[in-house]
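Taking it in order: structure first as C-alpha cells, then the write-up.
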Ligand SMILES: C[S@@+](CC[C@H](N)C(=O)[O-])C[C@H]1O[C@@H](n2cnc3c(N)ncnc32)[C@H](O)[C@@H]1O
C-alpha cells in the first residue's frame, strides 16, 4: 500500500522522484547495490519488479532486461529513456502470472518495492521472483529497514516514506525464507546523505 496524499504526493511524479533520489544520495546507493549485489553479467536475463523509470539500467551491463511496474507514467518514462535496452511492462506480479516472458531469469531485482506491499502481496511478489528464476538464479531486493538502535530523526524520516510496510531484518527474512532456501542480508546504517537504514537481501533457491 502506498500513501500518496499531501506533501508526499509529488513523489509520484517520476521526474520529481528521480530528482529527490539524486539529492539525498539514493542514486549513488542504487549504483553500489547494482555493482556489489546484483552483479549482472552481459547477456544475463534480468527482471526488475517495481522498476519505476528503470534507473537500474544506468549501471547494468548489456543484459536482457524486463521491467515491470504498476505505474504507467513510470513505464512510459522508462520507454522514452531506454527504448530498445529493455522491455517495459505495466502490471504487477499477479497480472503477468503465466506470461512466459517472466521465466528463466538469471537475476530478479526489486528495489524499494516490498515496503509498499502488505505481507500477503510481498509474499506473492517473492514467490513470483522464485518462479521467474532459473535454478541457479538470485533474487536481490533492497528496502528500508527498522533497527532497534535507530535514532529519533532517522525513525521520523523513515516514517514519512510513502511505503507503509517497512519491516525489520527478521520480518524481511521471514518473508523471503518462505520461498527461498538461502537468504543473506546486509543492513546499512549510513546508506545516504540523510539518516536512514536499508537492507539488502540476496536470495537463492
Ligand atoms: C520506491 S519506487 C522504486 C522504483 C525503482 N525500483 C527504483 O529503484 O527507483 C517503488 C516502485 O514500485 C512500484 N510498485 C509498487 N507496487 C507494485 C506492484 N505490486 N507491482 C509492480 N510495481 C509496484 C511503484 O509504482 C514504484 O514505481
Inset, instruction - Within the range 150-185, work out how many residues are loosely packed, with under 15 Cβ neighbours inside 10 Å and either in contact (Cβ under 8 Å) with a residue 40 or more places away in the chain or touching a helix residue (DSSP H, G or I) at 6+ places or on another chain (Cβ under 7 Å) (or both). - result: 5
Inset, instruction - Scan the range 1-58 residue by residue and report those that are under 23 Å from residue 197 (Cβ atoms), modelled with pLDDT of 90 or more, part of a loop (DSSP other than H, G, I, E, B) and within 11 Å of the ligand (Cβ to nearest atom). - result: 50, 52
Inset, instruction - Would you mind telling me which numbered condition in (1) crowded, with 16+ Cβ neighbours inside 10 Å; (2) touching a strand residue (DSSP E or B) at 6+ places or on another chain (Cβ under 9 Å) residue 195 fails? - result: (2)
Legend entry - Residue satisfying all of: in the range 92-105; within 14 Å of residue 124 (Cα to Cα) and surrounded by 13 or more Cβ atoms within 10 Å (Cβ to Cβ); farthest from the ligand (Cβ to nearest atom) among these: 97
Inset, instruction - Enumerate the helices (runs of 4 or more DSSP H) found wholly within the range 108-205, keeping only those where 1 or more residues are under 21 Å from residue 55 (Cα atoms). - result: 119-132
Legend entry - Residue ID - farthest from residue 162 (Cα to Cα), chosen from residues in the range 112-147 that are near the ligand (Cβ under 9 Å from one of its atoms) and without any contact (Cβ under 8 Å) to a residue 40 or more places away in the chain: 124
Inset, instruction - Search the range 74-91 for residues being in a helix (DSSP H, G or I) and in contact with a helix residue (DSSP H, G or I) (Cβ under 9 Å, 6 or more places away or on another chain), and hand back the single one that is nearest to the ligand (Cβ to nearest atom). - result: 74
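The values are calculated or read from the model by the stated rules, or taken from the named source; none is laboratory data. Note that the structure is a prediction, hence the values are computed from the model and not measured. Here Cβ is always computed from backbone atoms with ideal geometry, including for glycine, and neighbour counts include all displayed protein chains.
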